[in-house]
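**Student:** Dropping the structure in here first, questions after.
Bear in mind these aren't lab numbers, they're just calculated from the coordinates by the rules spelled out. Because the structure is predicted, anything quoted here is derived from the model rather than measured. Glycine gets a Cβ as well: all are built from the backbone with ideal geometry, and neighbour counts include every protein chain shown.
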């Protein structure tokens with residue numbers, strides 16, 4: 001798990017985004033006519049799936065006041081405090097394979113996943 005130091009010396013858990021994932025997300029943001037200077041990709045965890053938790057992603061016009069905001073390769077990523085407990089240290093990538101194209105989260109906190117890989121448990 002990587003961290004960034006803040007101005008007061010505290011550390012913030014890092015969420016990484018690969019260059020390919022950032023490029024794909026920025027293309028989608030622009031196609032939605034969202035301002036990439038303010039808007040970004042929201043990464044969150046929700047209840048659901050056979051293992052108990054699942055990832056969610058959507059575009060938001062701006063972060064919420066309590067979000068942690070990251071910027072990677074020009075893409076802003078917003079994570080709420082409750083979701084951070086489950087996904088700190090994760091890497092967001094974009095995969096283009098036989099099963100289809102899409103964003104993928106590599107989460108070091110996962111203890112088990114369901115068979116289809118759509119939900120997880122920490």
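**Student:** Note down the nm distance, to one decimal, between modelled labels 7 Å out along Cα→Cβ at residue 106 and at residue 36.
**Tutor:** 2.3 nm
**Student:** Which order do the peptides 54-60, 81-87 come out in when sorted by mean C-beta neighbours inside 10 angstrom, highest first?
**Tutor:** Values: 54-60: 14.4, 81-87: 16.4.
Descending mean neighbour count gives 81-87, 54-60.
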